[in-house]
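See structure below.
The values are calculated or read from the model by the stated rules, or taken from the named source; none is laboratory data. Keep in mind the model is a prediction, meaning the values are calculated, not measured. Cβ coordinates were reconstructed from backbone atoms using ideal geometry, including for glycine residues, and neighbour counts include every protein chain displayed.
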Amino acid sequence: MLKTLVNLNILFFCLTILNAQPKEPSIFVDKNVTIVGKVIDKETQLPLEYASVAFFSKKENKIVDGGITDINGEFSITVKNGIYDIAIEYISYKKITFPNKSLEKNENLGTISMEIDYGTLDAVEIIAERTTVEIKLDKKIYNIGKDLTTAGGTVSDALNNVPSVSVDIDGAISLRGNENVRILINGRPSALAGFGDSNVLSQLPAEAIERVEVITSPSARYDAEGTAGILNIILRQKETLGFNGAFNFTVGNPDNVGLSANLNYRTEKFNVFSNFGWRYFDAPRNSFSDITRFDRIENGTVIEPQFRRIIEDEDVERLNRNYNANVGLEYFLSDKSSITGSIFYRLGSDADLAINSSERINNDVIVEETLRREKQTERDNSYQIAVNYRKQFGEDTDHTLTADFQYEVDKEEGFTSLNEDYILTNQTNPEPFQIEQETQNEDQTEYLFQADYVLPLGEDSRFEAGYRGNFRNEITNYILEQENLNSGVIEINDIFTNVFDYDQNVNALYSQYGSKLGKFSFLLGLRLEHTQLKGNINSRLSEQELQEAYEFPIKTQFDNNYLGLFPTLNLIFNIGGSDSDSEESITIGYNRRINRPRGWFLNPVPSRSSRTNVFQGNPNLEPAFANAVDLGYLKRWEKLTLTSSIYYQKETNSFERIQEETNQFTQPDNIQIVRSIPINLSTESRIGAELGILYNPSKNVRFNSSFNFFQFETDGEFNSVDFSAKNTSWFARFSSNIKLPWSVDWQTNANYRGARQDAQTDTDGIFSMDVALSKEIWDGNGNISLNARDLFNSRRYQSLTTTEFFERYSESQWRQRQINLSFIYRFNQQKKRNERRYQNQGNDDDFDYEG
């Protein structure tokens with residue numbers, strides 16, 4: 001954007017001088033002369049790259065030549081001898097002019113010092129604070145701006161304010177109502193996103209985000225994973241001269257204390273960037289379940305359940321301590337190549353205490369009541385090493401080669417102790433519950449190799465090709481120990497104890513070609529991916545014994561390979577490209593995607609958080625495939641931006657969770673266990689439409705709203721049970737930001753997610769509202785803000801599940817109302833450099849045209 005502004009400044013200068021200056025008669029014999037010089041910042045004495053130099057000819061009464069400074073702030077421009085007005089410009093700096101300069105021979109203008117123009121700088125900062133949208137061939141880019149309601153919050157909180165994106169109370173992220181979304185950090189899978197576990201994003205500070213790319217029609221450059229599309233989170237990386245940074249301190253209720261720092265040091269040869277964070281918080285959650293069981297008919301005999309109704313009420317205290325650090329160095333090998341290395345480290349330590357009260361009822365009378373205590377500790381230790389190399393060929397900034405390497409390790413150590421006692425029972429001398437102890441250690445390792453080559457073909461076309469290899473291994477070592485009620489000794493349970501070793505290896509090649517023909521642009525690509533899903537269950541039981549114990553056809557060893565072609569096509573037509581009052585465009589996208597089951601969806605070990613309701617993975621899951629078409633429309637006026645789209649997607653071999661009764665019973669109270677298990681259930685068709693409005697009636701007021709309507713229909717059955725369903729739902733959000741007197745900002749965000757249904761469950765709608773007040777202090781170097789997220793404490797999940805054998809009403813609240821007070825201090829962040837022409841953050845060099 002800055003480069004565009006610089007070019008516009010040159011054009012404006014040209015037109016201004018052209019209309020103002022008289023023609024000068026020629027007094028020189030034509031010959032070429034070379035003018036050199038160096039442009040620096042007057043205060044820091046550091047060079048200014050991309051400063052513009054323009055030569056206005058007195059003879060020709062127009063700008064005849066010009067250029068920009070290089071990484072060292074230097075320029076060398078050859079012009080014909082003559083009399084010129086020479087102008088030096090750089091955004092947010094005061095323009096310098098050499099009027100009526102007579103150039104008869106090669107000349108060195110020396111070192112030119114430029115000063116900050118603080119009046120124009122204020123205007124730049126106002127633009128940077130706004131939330132804006134850019135439409136590209138294959139994505140929408142939302143520049144987050146200054147979101148007050150997420151100050152002191154997390155990445156998940158910030159994502160919940162991005163149109164088309166929603167984050168439910170369990171932390172699950174969905175795009176257009178579809179949870180099968182791929183999360184990338186700076187264009188790549190990353191340990192920062194928790195190896196696909198979106199809950200990790202609830203531990204990273206929202207202030208780290210610069211922008212979010214919503215990629216609903218990904219080009220062939222991207223991994224084909226994620227049938228809903230891709231969310232690419234671009235983190236901030238300062239390009240400010242010298243040493244600069246910011247500190248952020250937050251305190252809140254429920255207990256929430258956080259401290260983060262962004263420190264950067266930039267010279268002409270290297271840029272050191274770093275992010276550090278520490279957070280301690282208590283995130284209490286609660287859940288409620290009321291299940292009514294129906295009579296069963298077996299061999300013509302009616303069998304009544306032991307307990308007609310079971311009510312479970314659980315409260316969980318979650319104490320979390322998280323540390324994260326990201327340190328990197330970008331070294332400029334030359335003005336056309338750079339290498340960047342970074343190390344990310346995260347340490348998490350959690351301690352949860354869950355109290356589950358259970359009532360068993362017959363004939364509206366409580367016949368048994370128990371209290372279950374679950375104490376869980378978990379330590380998460382992960383790090384990532386990343387190296388990026390970028391090379392520009394010649395003078396064309398689009399002719400590039402990039403290579404990436406990432407190595408990631410994540411180790412989780414968890415220990416859980418469970419015990420349950422009778423509060424009330426009608427049994428005489430009831431058998432006591434077993435004490436249980438769980439140990440679960442998870443080791444995850446991932447390698448990423450990637451190379452991309454971009455070759456421009458003329459001014460308006462380019463070819464691109466690349467390779468990506470992603471190799472992930474997950475080892476889950478699970479040990480369940482239970483008390484022997486006869487001897488009192490803690491013994492290993494052979495049925496559940498096992499080691500699950502899982503590999504997911506993906507090799508991909510792609511190529512794509514794009515071109516612009518007048519107002520019409522297209523990008524056509526093809527991606528070839530080979531996927532290997534390989535697993536091994538090392539158990540004390542045989543495969544047959546496991547199948548009998550889990551009541552499911554389980555393979556203790558599997559090695560599934562899939563080869564797929566994934567074509568993509570993206571078109572854009574700029575209707576109002578030449579209209580100075582507005583911009584208007586139409587986009588069309590088609591892509592084929594894959595949904596690979598994650599490790600925890602394949603691990604067959606049932607969860608133990610509830611004895612009567614468990615989740616169990618399915619190692620027999622196969623990937624699902626989807627084809628999608630998207631039609632979009634953009635209209636932008638001076639103060640209003642309208643975005644809209646309609647889309648259709650059909651997914652085959654879709655896997656969904658179903659709930660069913662098992663033939664297993666709890667001990668000693670003999671309650672039948674209900675399990676939730678994912679299966680390749682159905683074919684799913686999804687159609688939807690979305691509308692977004694950004695309105696800035698004045699510099700003190702801005703509004704942002706979006707509406708998304710979708711309908712999906714599933715067709716499938718399992719174990720002779722028809723799970724076909726049709727679901728219509730919608731969600732909407734509204735945000736306003738108003739600048740009040742005394743440098744106070746007031747922001748309000750409202751969200752509503754409509755009711756929805758699937759094969760077995762109806763879920764109620766959810767409304768929530770966030771509010772915030774913020775005040776700039778210390779001449780803009782400091783900021784203090786107060787926000788309340790979920791002001792009415794209404795972000796609560798309510799659902800009703802109905803099957804042939806039972807009906808269950810559920811409520812849960814992942815996080816209650818949160819109030820935060822945050823303070824930010826910034827230093828040395830006034831002078832911003834233009835982005836380096838060879839810097840590549842988050843695949844920004846995709847073949848894109850703005851709408």
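Buried (at least 20 other Cβ atoms within 10 Å of the Cβ), modelled with pLDDT of 80 or more and in the same structural domain as ASN595 (by TED's automatic domain parsing), is that true of THR683?
Criteria not met by THR683.
How many of the residues making up segment 262-278 are modelled with pLDDT of 85 or more and touching a Pro at 6+ places or on another chain (Cβ under 8 Å)?
Residues meeting the conditions: 1.
State which residue pairs qualify: first residue outside any strand (DSSP E or B) and inside segment 488-517, second residue among the basic types (Lys, Arg) in any location, beta carbons under 6 Å apart, and separation of 6 or more residues or different chains.
Sorted first by the residue in segment 488-517, then by its partner, the pairs are ASP494/ARG540.
Take the residues in segment 727-755 that are of a type in the set (Gly, Ala, Ser) and outside any strand (DSSP E or B), then tell me which one is surrounded by the fewest Cβ atoms within 10 Å (Cβ to Cβ).
Going through the qualifying residues, I end up with SER743.
Identify, please: which residue in segment 756-766 is buried (at least 16 other Cβ atoms within 10 Å of the Cβ) and within 25 Å of GLY692 (Cβ to Cβ) and is, among those, nearest to the chain's Cα centre (by Cα)?
Applying the filter and picking the extreme gives ILE766.
Can we say THR761 is at pLDDT below 90, farther than 20 Å from PHE731 by Cβ and of a type in the set (Val, Ile, Thr)?
No.
Taking the residues in segment 282-301 that are in contact with a strand residue (DSSP E or B) (Cβ under 9 Å, 6 or more places away or on another chain) and at pLDDT below 85 as candidates, determine which candidate is surrounded by the most Cβ atoms within 10 Å (Cβ to Cβ).
By that ranking, first place goes to ALA283.
Which one of the conditions (1) exposed (fewer than 15 other Cβ atoms within 10 Å of the Cβ); (2) in contact (Cβ under 8 Å) with a residue 40 or more places away in the chain; (3) assigned to a strand (DSSP E or B) does TRP278 fail to meet, given that it meets all the rest?
The number of the failed condition is (1).
Condition first: assigned to a loop (DSSP other than H, G, I, E, B), under 27 Å from ILE291 (Cβ atoms) and either modelled with pLDDT of 85 or more or touching a strand residue (DSSP E or B) at 6+ places or on another chain (Cβ under 9 Å) (or both). Can you find one or more residues in segment 587-604 that meet it?
Checking segment 587-604: at least one residue is assigned to a loop (DSSP other than H, G, I, E, B), under 27 Å from ILE291 (Cβ atoms) and either modelled with pLDDT of 85 or more or touching a strand residue (DSSP E or B) at 6+ places or on another chain (Cβ under 9 Å) (or both).
Can you pull out every residue in segment 784-816 that is in a strand (DSSP E or B), over 26 Å from the mean Cα position of the chain (by Cα) and farther than 25 Å from GLY754 by Cβ?
ILE784, PHE806
Given the conditions (1) under 24 Å from the mean Cα position of the chain (by Cα); (2) within 30 Å of ARG296 (Cβ to Cβ); (3) of a type outside the set (Lys, Arg), report the number of the one that MET769 does not fulfil.
It fails just one condition, (2).
In segment 499-551, which residue that is of a type in the set (D, E, K, R) and touching an Asp or Glu at 6+ places or on another chain (Cβ under 6 Å) is surrounded by the most Cβ atoms within 10 Å (Cβ to Cβ)?
Going through the qualifying residues, I end up with LYS516.
Scan segment 234-246 and give yes if some residue there is touching an Asp or Glu at 6+ places or on another chain (Cβ under 7 Å) and either within 30 Å of GLN672 (Cα to Cα) or exposed (fewer than 15 other Cβ atoms within 10 Å of the Cβ) (or both), otherwise no.
For segment 234-246, residues touching an Asp or Glu at 6+ places or on another chain (Cβ under 7 Å) and either within 30 Å of GLN672 (Cα to Cα) or exposed (fewer than 15 other Cβ atoms within 10 Å of the Cβ) (or both): absent.
State all residues of segment 687-726 that are hydroxyl-bearing (Ser, Thr, Tyr) and either outside any strand (DSSP E or B) or not assigned by TED's automatic domain parsing to the domain that holds MET769 (or both); if no residue qualifies, say none.
Answer for segment 687-726, where residues must be hydroxyl-bearing (Ser, Thr, Tyr) and either outside any strand (DSSP E or B) or not assigned by TED's automatic domain parsing to the domain that holds MET769 (or both): SER720, SER724.
So which of GLU304, GLU359 is of a type in the set (Asp, Glu), surrounded by fewer than 19 Cβ atoms within 10 Å (Cβ to Cβ) and at pLDDT below 90?
After applying the criteria, what remains is GLU304.
Of ILE343, ILE311, ILE339, which residue is assigned to a strand (DSSP E or B) and either closer than 20 Å to GLU807 by Cα or outside the structural domain of PRO430 (by TED's automatic domain parsing) (or both)?
ILE311
Can you work out which of the residues in segment 79-98 that are within 14 Å of ILE68 (Cβ to Cβ) and part of a loop (DSSP other than H, G, I, E, B) is modelled with the lowest pLDDT?
So the residue we want is ILE91.
ASP335: in contact (Cβ under 8 Å) with a residue 60 or more places away in the chain and surrounded by fewer than 16 Cβ atoms within 10 Å (Cβ to Cβ), yes or no?
yes
Which of the residues that make up segment 440-483 are of a type in the set (Asp, Glu) and part of a strand (DSSP E or B)?
GLU442, ASP443, GLU446, ASP452, GLU464, GLU474, GLU481, GLU483
Pick from segment 370-408 the residues that are surrounded by fewer than 16 Cβ atoms within 10 Å (Cβ to Cβ), closer than 30 Å to LEU480 by Cβ and in contact (Cβ under 8 Å) with a residue 40 or more places away in the chain: which of them is nearest to the chain's Cα centre (by Cα)?
Looking at residues that are surrounded by fewer than 16 Cβ atoms within 10 Å (Cβ to Cβ), closer than 30 Å to LEU480 by Cβ and in contact (Cβ under 8 Å) with a residue 40 or more places away in the chain, I get LYS375.
Scan segment 607-623 and tell me whether some residue there is more than 23 Å from GLU529 (Cα to Cα), modelled with pLDDT of 85 or more and not basic (Lys, Arg).
No, segment 607-623 has no match at all.
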